[in-house]
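The values are calculated or read from the model by the stated rules, or taken from the named source; none is laboratory data. No experiment lies behind these values; they were computed from the predicted model shown. Counting neighbours? That spans all protein chains shown, and the Cβs are built from the backbone with ideal geometry, glycine included. SASA here: full protein model, heavy atoms, side chains in, ligands and nucleic acids out. Shrake-Rupley method; radii C 1.70, N 1.55, O 1.52, S 1.80 Å.
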Amino acid sequence: MQRKPLARKILAVFLTMMLMPTTVSAVQILKYSDHEPLGGMRTSFIKNVFFTEIEKESHGRLKVDDHWNSELARSYDALGVVKEGKVADMAIVVPEYTAKEFPLQQIFISFPVGPTGEKQVEFFRKAYATIPEFQAELAKQNVVNIFLATGYPVAFFSTKPLSALGDIKGTKWRSASFWHQDFLKNSGAVPVSMPWGEGIYDALKAGSLDGLMVNVDSGFELNVHKMAPNVLISKDLWLGHVYPLVMNKDTWNKLADQDKQAIQRAAQKAYQTLGSVMDSSFDGMVNELRDNGVAIRELKPDEVKHWETATHYQDVQSKWVKEQESKGVKDAGPVMNKVTVLMNETMK
């Protein structure tokens, strides 16, 4: 007589268990560090597009705790921080700031002319995907690249009117890049190396510095045009800045395969719009500079070609390769050749 009530109880417990929600995997927080403040094109794109896609593609299993403006690490310290993986799981590392660790990734800036927008995104993606030496440099530092952000073209901000790029001859120009300093010298200008800060504005005002060769977005965001309101631009004036967004290798290896795939899908989706966002943002900056009374002119194709020739960049590259080989970087020559081939293919 007791069997039916007992059976009913067992059935009720079983049904209750069946109806209970399945256990949800714990959310994993990935801490991210960036040296720039949130608000520019690159930082906004990473947060609002790439990170949003990571959360979406992982169905909420992955969330990014993002920190900006060197809150966790300065630009020069970012690689060391993410390599260790204690303070941050992910970070932007700038090859130009880590030349000792990433000698081969310096090659990108060695070209005076190159692609922009969607073609630039494609160029960097193909470079890192097909030239194994770049991935080897990253792996040696215990990091894995998960996204490649890129930069804007170079612009020439001058205190005096420039009718042509040849007008820089005999004048003093500041650039942070050792490649560009050689380009300026070969073009007849006097390259100046000086730390970024108020001293630059003072030098421009005093006339001890005639202009800056700098990426157009930095010039725009740092109000360089207030002291140097004469600007020459071209989307073809290659800067070669790439911003690898890397993850600590140990953190990456511990991720479930489905989460690794979610990050890869998020990157793929972000790449689809990055080029067009860069183009529209560039046009917006140019229009705003003009609205602010800046004398800004876009160079004609033949002027860009003249600049490319005047820099003697191939001689500069050859000199760099020999220097690197003398330091034991045996892959410098072969990798330079591989990047050159890829650049030529991209610019056809």
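From A139, A176, A149, A127, which residue is in contact (Cβ under 8 Å) with a residue 12 or more places away in the chain, assigned to a strand (DSSP E or B) and small (G, A, S)?
A149
Just give me the residues in segment 56-99 being among the polar types (S, T, N, Q) and assigned to a helix (DSSP H, G or I), in sequence order. Show your work before the answer.
To start, the set of residues in segment 56-99 that are among the polar types (S, T, N, Q) comprises 58, 69-70, 75, 98.
S75, the sole residue that qualifies.
Just to verify a result, which residue in segment 219-238, among those that are within 23 Å of F178 (Cβ to Cβ) and in contact with a Leu (Cβ under 9 Å, 6 or more places away or on another chain), is modelled with the lowest pLDDT?
Looking at the filtered set, the residue picked out is G219.
Which of the residues spanning segment 156-170 are among the polar types (S, T, N, Q) and either under 22 Å from D302 (Cβ atoms) or assigned to a helix (DSSP H, G or I) (or both)? Let's see the steps before the verdict.
Taking segment 156-170 first, the residues among the polar types (S, T, N, Q) are 158-159, 163.
Across segment 156-170, the qualifying residues are S158, S163.
Looking only at segment 130-150, count every residue that is open to solvent by 10 Å² or more (accessible area, probe 1.4 Å) and either in contact with an Asp or Glu (Cβ under 9 Å, 6 or more places away or on another chain) or modelled with pLDDT under 95 (or both) and tell me the total.
Within segment 130-150, the first condition is being open to solvent by 10 Å² or more (accessible area, probe 1.4 Å), and the residues that meet it are 130, 132-133, 135-137, 139-142, 144-146.
Keeping just the survivors that are either in contact with an Asp or Glu (Cβ under 9 Å, 6 or more places away or on another chain) or modelled with pLDDT under 95 (or both) gives 133, 136-137, 140-142.
Counting residues in segment 130-150 that are open to solvent by 10 Å² or more (accessible area, probe 1.4 Å) and either in contact with an Asp or Glu (Cβ under 9 Å, 6 or more places away or on another chain) or modelled with pLDDT under 95 (or both) gives 6.
Residue-wise test of (1) closer than 23 Å to Q181 by Cα; (2) surrounded by 12 or more Cβ atoms within 10 Å (Cβ to Cβ).
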position: G284; (1), (2): no, yes
position: D291; (1), (2): no, no
position: I296; (1), (2): yes, yes
position: D302; (1), (2): yes, no
position: H306; (1), (2): yes, yes
position: S326; (1), (2): yes, no
position: P334; (1), (2): no, yes
position: V339; (1), (2): yes, yes
position: M343; (1), (2): yes, yes
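Identify all residues within segment 85-97 that are closer than 15 Å to A176 by Cα and touching a residue at least 40 places away in the same chain (Cβ under 8 Å); write none if there are none. Explain how you work it out, then say what you get.
First pass over segment 85-97, keeping only residues closer than 15 Å to A176 by Cα: 94-97.
Listed by number, the residues that qualify are V94, P95, E96.
Have a look at S177, S276 and point out the one that is among the small types (G, A, S), closer than 22 Å to V304 by Cβ and either in contact with a helix residue (DSSP H, G or I) (Cβ under 8 Å, 6 or more places away or on another chain) or open to solvent by less than 30 Å² (accessible area, probe 1.4 Å) (or both). First the steps, then the outcome.
Details: S276 fails: closer than 22 Å to V304 by Cβ.
Among S177, S276, only S177 is among the small types (G, A, S), closer than 22 Å to V304 by Cβ and either in contact with a helix residue (DSSP H, G or I) (Cβ under 8 Å, 6 or more places away or on another chain) or open to solvent by less than 30 Å² (accessible area, probe 1.4 Å) (or both).
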